Structures are given as C-alpha cells and as structure tokens.
Amino acid sequence: MYVVLLTYTAPLQEIDYTLPDHAEWLARQYEHNYLLTSGRRDMHLGEVMLVRQMPRLKLDAILASDPLAIHHLAHYEVVEFSATRTAPEMRSLNEALAR
C-alpha cells in the first residue's frame, strides 16, 4: 500500500481553478479501484491519498496524469508500507491479511 502526501506548490487561486479537473481525475482513480481513501490536509496544504498496492512505476504514471501534476501545482511524496495490523473494518483491504 502507499500513502501519498500531495502538497500544493502554487497559490490557492491557481489550485482552486484546477480542482474540478483534479476531482474528475480522483473519480477515475476510484473507478479503477486504485484509491482506498483521499481527503484534504489541514489548512489547505494539500491532500492525502491511501492507494492500493501496485507496481511503483504504475503509481508514478497515475500521479503524473493528475491535472495538479501536469500544471506543476503540487508535489507528491509517496510512502510505501506493508500493513501488519488493520482495524476490523479495513481487513478486507489489507492485501497482507488476504493471503
């Protein structure tokens, strides 16, 4: 799994202009079943996304297709991790427990 920390690198006016396209991009990622959850960070610093396990190069390509990335309005920090414990509500999402 991955945690993606998206940090805005442009003024909020520019970000706000691109957010409708970004929202459509997010919807497509959910349709493809790549994202588990996403949401805004406090103080409108950016966003956090929890992404299913996939090859890292595939994730990089997906993130590069985000309108915020295309317009150079955000920086993405990707943290890969293997969940070793999971709340009961999320156990079906934990690939390590599903094996």
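Quick check on my filter: what residues within the range 28-51 are within 22 Å of Ser92 (Cβ to Cβ) and surrounded by 14 or more Cβ atoms within 10 Å (Cβ to Cβ)?
At the first step, the residues of the range 28-51 found to be within 22 Å of Ser92 (Cβ to Cβ) are 29-39, 48-51.
Within the range 28-51, Gln29, Tyr34, Leu35, Leu36, Ser38, Val48, Met49, Leu50, Val51 qualify.
Taking the range 22-48 as the search range and keeping residues that are aliphatic (A, V, I, L, M) and not in a strand (DSSP E or B), which one is farthest from Leu6 (Cα to Cα)? Explain how you work it out, then say what you get.
First, the residues of the range 22-48 that are aliphatic (A, V, I, L, M): 23, 26-27, 35-36, 43, 45, 48.
Subset that is not in a strand (DSSP E or B): 23, 26-27, 43, 45.
Numbers: Ala23: 14, Leu26: 13, Ala27: 16, Met43: 13, Leu45: 8 Å.
Selected residue: Ala27.
How many residues does the range 49-90 hold that are among the hydroxyl-bearing types (Ser, Thr, Tyr) and in a strand (DSSP E or B)? Spell out how you get there, then give the answer.
As a first pass, look at the range 49-90 and keep what is among the hydroxyl-bearing types (Ser, Thr, Tyr): 65, 76, 82, 84, 86.
Add one more test, that the residue is in a strand (DSSP E or B), and what stays is 76.
Residues flagged as among the hydroxyl-bearing types (Ser, Thr, Tyr) and in a strand (DSSP E or B) within the range 49-90 amount to 1.
Just to be sure before I move on: is Ser65 of a type in the set (Gly, Ala, Ser) and closer than 27 Å to Arg91 by Cα in the structure I sent?
Numbers: of a type in the set (Gly, Ala, Ser): yes; closer than 27 Å to Arg91 by Cα: no.
Spelling it out, it is not the case that Ser65 is of a type in the set (Gly, Ala, Ser) and closer than 27 Å to Arg91 by Cα.
So which pairs qualify, if the first residue must be in the range 28-51 and in contact (Cβ under 8 Å) with a residue 60 or more places away in the chain, the second must be part of a helix (DSSP H, G or I) and surrounded by fewer than 15 Cβ atoms within 10 Å (Cβ to Cβ), the Cβ gap must be under 6 Å, and the two must be at least 6 apart or on different chains?
As it stands, the answer is none, since no pair meets every condition given.
Evaluate the following for Leu36: is it modelled with pLDDT under 95, touching a strand residue (DSSP E or B) at 6+ places or on another chain (Cβ under 6 Å) and within 16 Å of Val79 (Cα to Cα)? Please lay out each step first, then the result.
Numbers: modelled with pLDDT under 95: yes; touching a strand residue (DSSP E or B) at 6+ places or on another chain (Cβ under 6 Å): yes; within 16 Å of Val79 (Cα to Cα): yes.
When the stated conditions are applied, Leu36 passes them.
Of the residues Met43, Met49, which single one is at positive phi and hydrophobic (A, V, I, L, M, F, W, C)? Walk me through it before giving the result.
On the way: Met49 fails: at positive phi.
Exactly one residue qualifies, and that residue is Met43.
With the requirement that a residue be without any contact (Cβ under 8 Å) to a residue 12 or more places away in the chain and surrounded by 15 or more Cβ atoms within 10 Å (Cβ to Cβ), what does the range 52-85 give you?
Scanning the range 52-85 gives a single hit, Ala69.
Would you pick out the residues in the range 1-27 that are surrounded by 12 or more Cβ atoms within 10 Å (Cβ to Cβ) and within 12 Å of the chain's Cα centre (by Cα)?
Across the range 1-27, the qualifying residues are Met1, Tyr2, Val3, Val4, Leu5, Leu6, Thr7, His22, Trp25, Leu26.
So is Pro88 in contact with a His (Cβ under 9 Å, 6 or more places away or on another chain) and not basic (Lys, Arg) or not? Full working, then the answer.
Working: in contact with a His (Cβ under 9 Å, 6 or more places away or on another chain): no; not basic (Lys, Arg): yes.
No.
The values are calculated or read from the model by the stated rules, or taken from the named source; none is laboratory data. This one's a predicted model, so the numbers in the text were calculated from it and none came from an experiment. So basically every Cβ, Gly included, is an ideal-geometry build from the backbone, and we count neighbours across all protein chains shown.
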